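These notes concern the structure reproduced below.
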């Protein structure tokens, strides 16, 4: 902490004079997710949320979770034992959220979307979020919606440029400079363009030293596990009048350490440490080819290789030697790979009618010590949709996706329809219906996992999930003057799931869990968000109310049928042009979450609750000369660590016991970014 404050005060003395402030965010961003072609948010048939490059920069984030944590309708669950996090969108867990990078789905080991925090934050141009079923366009797992991470392209950033960033952050009150205690992020990226060729290459290091709320003298145990990530990427592309094609390679090496407790037996002093080591290679190739004035082709292909290894070692304090543990199951490795291809055509018949049609192949394979043999799942699909515009106020987009799955009887066809009505120049109504489909993940089918905190087996007899989903939104944009703009969005959703996959106790056991289908689950809710831009001031405020069906109410009428939870968020960003500084505040209040479950001890139905909590980040970014940006501030200002959690009263396959872990407490950070180009 002391070292960081010294660094914070020394940096400005080495920097240049301030320039003009950052541009105010536009309310007319161009979006690409789910679109026939890039277009403004106002023209999109989907209600799309965009997190712009300026927003990402001002958050001073080291991972995607930090950027999304105060977004309305999004929550994260942290597994303190494994050092991973999972996302919820519109009340639905991560397995129903499709994570995309440039429109290509990310490979995960199973239902938990840990890939979201394995994306290099420094490589991201912007993030687009579409809520509601996107299964016709993006296939399985897109029941709740998609989060599309769009990366930076070297051809859009000048002929030659360098970006470098250093960020130092405390973890609570703990801090060591550049390594160990605290959060440390360093990155460098080079991008360039030569005639029709362009490219970029970069490397990032993320280091987190772990955190313990009340460390005991001499103890290595941590409430939040130490983690180190190395991320590398390289991209080369070719752009000409009618074609743009590029190839990208992303690499991740992640090491999550679980320090062991010191054990003394006689004169021997040892500790057993466990590491979770992940290596991920993602090869991705894409092309955009304008074949004629009326026909465009878009193609995407990727191959992803993911390995997760568990390495357990014993450290001898007397000799200083470290050896591999020989205990059962303490050394294992799981391997997953995925091959993906999507090709689609956009055909403009006329100004009022256009078509999109294509095909998709998705092949996944898994093997390892905790998987029964080598298992594969393949999805094959063709899809088509049309966009019909009538009377300049009405746009309709019906779509169909025809499916074949190698393991399950997939529904022969999935329909969807989106409608947008321009009620007047400032008021737009959107409504959609979608039939969703999700095949069980390899982990849910064949993976088994047992340790002191997890006891769960895959279930090869699972059925696929299906859903009927409805969304609607009313979007009002007012431009009172050239410098004052206001937008308000009122939205609602309803989802009805069949054969939803969840965890449940194995028959005859009170401790072992497996994946099971429940006949029906429903989620519903609504939200309102308001955004005001006035010169260099931007203010947003939102409220959401999200409910999920209580399956136990069907057999006990005294229980509530719907379990509701509220959310409130707000953002204030103000740029002081005279000193070239933007001040930002990000706030969110997450209401308590109630659930019901069967007790592992006596089989009765019990109530569980995760308590409410509030989150606040304060940041400041200052331009210094043409090339430098200084950032500083505090995250988790309200010092949230753990919140009350009674869910262990009713048991759980992933129970870690005690309160739910939310953060390692209030932190302070300082960052310096260099951006040079010519």
Ranked list, fewest to most other Cβ atoms within 10 Å of each Cβ, for 241, 561, 176: 241, 561, 176
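Please give the length that would be gained between residue 319 and residue 479 if that part of the chain were fully extended, namely 0.36 nm times their separation in residues minus their C-alpha to C-alpha distance (nm, one decimal).
Extra length available between residue 319 and residue 479 comes to 50.3 nm.
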Which option, (1) 1.03; (2) 0.95; (3) 1.17, is the value of Rg/Rh (Cα atoms, Kirkwood Rh) that was calculated from these coordinates? (2)
Can you pull the one-decimal nm distance between simple spin-label points at residue 247 and residue 349, each 7 Å off the Cα toward Cβ? 3.9
Is the shape of the stretch 105-249 rounded, prolate or oblate, going by the alpha carbon gyration tensor and its root eigenvalues a ≥ b ≥ c, with a/c under 1.5 for rounded and a/b larger than b/c for prolate? oblate
Pairwise centroid distance, computed over Cα atoms, of the stretch 360-399 with the stretch 41-83, Å: 24
Give me the extension gain from residue 598 to residue 230: residue separation times 0.36 nm, minus the current Cα-Cα distance, reported in nm with one decimal. 128.3 nm
Inter-site label distance for residue 195 and residue 221 at 7 Å from Cα along Cβ, in nm: 6.5
For a protection proxy built on the mean count of beta-carbon atoms within 10 angstrom, sort 137-150, 348-361 highest first, please. 137-150, 348-361
Expressed in nm to one decimal, what extension gain is obtained for the pair residue 267 and residue 579 from 0.36 nm per residue of sequence separation less their Cα-Cα distance? 105.9 nm
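I need the peptides 89-100, 542-553, 408-419, 117-128 ranked by packing, meaning the mean over residues of other C-beta atoms within 10 angstrom, with the highest value on top.
On the way: 89-100: 24.2, 542-553: 19.1, 408-419: 16.8, 117-128: 21.8.
Answer by packing, highest mean first, reads 89-100, 117-128, 542-553, 408-419.
Could you grab the relative contact order for the chain? Cα pairs under 8 Å, six or more apart, rounded to a whole percent.
Relative contact order here is 12 percent.
All of the numbers you see were taken from the coordinates with simple rules; none came from a lab. This is a predicted model, so every value here is computed, not measured. Don't worry about glycine lacking a Cβ; one is built from the backbone with ideal geometry, like all the others, and counts go over all protein chains shown.
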